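Working notes, structure below.
Bear in mind that the values in this text are calculations on the coordinates, not laboratory data. All values reported here derive from a predicted model rather than from experimental measurement. Note that we place each Cβ from the backbone using ideal geometry, even for glycine, and neighbour counts take in every protein chain shown.
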Amino acid sequence: MIMEKPGGKSLFNVRINKVNVMRQYFIRHAHAEERHEWKEDDMLRPLTAAGKSRMENTVRKFFSIYPLPDHVVSSEAVRAVQTAEIVCGVTKGGFVKEPLLNPGADIADWIEAVKKFPGSSTVAFVGHEPDMTEFLSFYMAGNAIELVLKKGSICHLENRHLINLVQQKLLID
């Protein structure tokens, strides 16, 4: 769309619908087996059946409103991979496992992972707490904000600005 004066002369030399936007979704993995009950390696802890079902409903509702991701990038932990697979199943985005997002990732790890997907593509990152919110606080505001991402929540950024933070509970009730 080009804004025009009466008579057909362009007011602006900008196509509004062609502006490059770096759109990112940061998704906390869905509900998993309880850590204190899980006896194996924590990286192998899976989602619960209810966690899978709730996440699928959340993703369907969220992405019926917002643009679909081109890529879904996930930690290697089973619970994050399963969450990413649910996102990919709904959105058809390409799936990438990223060890930089594994539990315990620091801000520098997150920065490196995010830098792999520059430009105007839309990317969903699936990760863990508190790593993700520590990174997001730094990324958006130099540690000047505090976010709460409950399991299955989605934080939507465009050009590093917060557009929406949707707690899963709001989409499934």
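Per the listing 97, 115, the residue uniquely of a type in the set (Lys, Arg) and touching an Asp or Glu at 6+ places or on another chain (Cβ under 6 Å) is 97.
Counting the residues of the range 57-83 that are of a type outside the set (Gly, Ala, Ser), under 12 Å from the mean Cα position of the chain (by Cα) and within 29 Å of residue 40 (Cβ to Cβ) gives 4. Scanning the range 82-107 for residues that are under 26 Å from residue 138 (Cα atoms), touching a helix residue (DSSP H, G or I) at 6+ places or on another chain (Cβ under 9 Å) and either crowded, with 19+ Cβ neighbours inside 10 Å or aliphatic (A, V, I, L, M) (or both) yields a count of 8. The residues of the range 52-81 that are surrounded by 21 or more Cβ atoms within 10 Å (Cβ to Cβ) and more than 18 Å from residue 165 (Cβ to Cβ), listed by number, are 72, 73, 74, 75, 77, 79, 80.
Would you say residue 105 is part of a strand (DSSP E or B) and under 16 Å from residue 27 (Cα atoms)? No: the conditions fail for residue 105.
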